[in-house]
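Student: The structure follows.
The values are calculated or read from the model by the stated rules, or taken from the named source; none is laboratory data. Small disclaimer: the values here were computed from a predicted structure and weren't measured. Virtual Cβ from ideal backbone geometry, glycine too; neighbours counted across all protein chains shown.
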Amino acid sequence: MSPMAVSRTLRRLLRVLTIEEDQCRLALEAAIGDLRQLERAHAASINQAKRGRQLVVSSVQTGELPDRLAGLEETNSAHRRFAVLTPRIADAVSVVEARRQEFLTKRVECRQAETLIQEGEARESIIATRRAQQRLDDWYLNRLLGRRTASKSLIPVSIERTDDLLDAGRDETLSEDLPETTPQS
């Protein structure tokens, strides 16, 4: 399998993981919303119990029996609601924690896939850079060898000294860059 195909497969996997991460995030947000709604109902039942107790206390001072009965019923109703909501809140908290864990797991998987893709792209970039450099080196070497062959066939070299023998095989452009030596007699 070529490196390009692996990265294409990883990109597809990343898209799937991103979709799953979004779904887990939405499920987590829904579970948090449910928990908040239960907590608001719980707070309302606490307030209802307080109002019922206040109604009972005020009815004791005024002597109104219907207010006292209404206050007691409000308090009892709040306690029943409180008793029902407490286990539901505990269940909602556990659901939120489970959804949060799923979400974090999907997020980690998604980040791992992103890291693999980035590493693959970096590897492909390095390989492409090396290939481009190799092509450039090959071009330069071919150009250099082409000039050397052309300079050997076009320019006759006379060998009068051993230094001339060493310089005879060098490229014309390279020998122009070297300082000329004068023969010493």
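Student: Please work out which one of (1) loosely packed, with under 15 Cβ neighbours inside 10 Å; (2) modelled with pLDDT of 95 or more; (3) within 30 Å of Leu72 (Cβ to Cβ) is the condition Gln23 fails and give its number.
Tutor: Checking Gln23 against (1) loosely packed, with under 15 Cβ neighbours inside 10 Å; (2) modelled with pLDDT of 95 or more; (3) within 30 Å of Leu72 (Cβ to Cβ), the one that fails is (3).
Student: Condition first: in contact with a helix residue (DSSP H, G or I) (Cβ under 6 Å, 6 or more places away or on another chain) and closer than 13 Å to Ser7 by Cα. Now tell me which residues in the stretch 104-136 satisfy that.
Tutor: First, the residues of the stretch 104-136 that are in contact with a helix residue (DSSP H, G or I) (Cβ under 6 Å, 6 or more places away or on another chain): 106-107, 109-110, 113, 116-117, 120, 124.
The answer is Ala113, Leu116, Ile117, Gly120, Glu124.
Student: Within the stretch 46-69, which residues are buried (at least 16 other Cβ atoms within 10 Å of the Cβ), of a type in the set (A, V, I, L, M) and within 59 Å of the chain's Cα centre (by Cα)?
Tutor: Ala49, Leu55
Student: Among Val108, Val93, which is the only one that is exposed (fewer than 13 other Cβ atoms within 10 Å of the Cβ), of a type outside the set (D, E, K, R) and at pLDDT 90 or above?
Tutor: On the way: Val93 fails: exposed (fewer than 13 other Cβ atoms within 10 Å of the Cβ).
Among Val108, Val93, only Val108 is exposed (fewer than 13 other Cβ atoms within 10 Å of the Cβ), of a type outside the set (D, E, K, R) and at pLDDT 90 or above.
Student: Test of understanding: among Ala49, Ala5, Ala78, which residue is at pLDDT below 95, assigned to a helix (DSSP H, G or I) and within 30 Å of Ser125 (Cα to Cα)? Walk me through how you get there before you give the answer.
Tutor: Working: Ala49 fails: within 30 Å of Ser125 (Cα to Cα); Ala78 fails: within 30 Å of Ser125 (Cα to Cα).
Just one listed residue meets the conditions, Ala5.
Student: In addition: Which pairs have Cβ atoms under 6 Å, sit 6 or more apart or on different chains, and link a residue in the stretch 73-97 that is under 13 Å from Gly52 (Cα atoms) to one that is among the aliphatic types (A, V, I, L, M) and in a helix (DSSP H, G or I)?
Tutor: Final answer for the pair search is Thr75/Ala49; Ala78/Ala49.
Student: Tell me which of these Leu85 doesn't satisfy, since it passes every other one: (1) in contact with a His (Cβ under 7 Å, 6 or more places away or on another chain); (2) under 30 Å from Glu21 (Cα atoms).
Tutor: (2)
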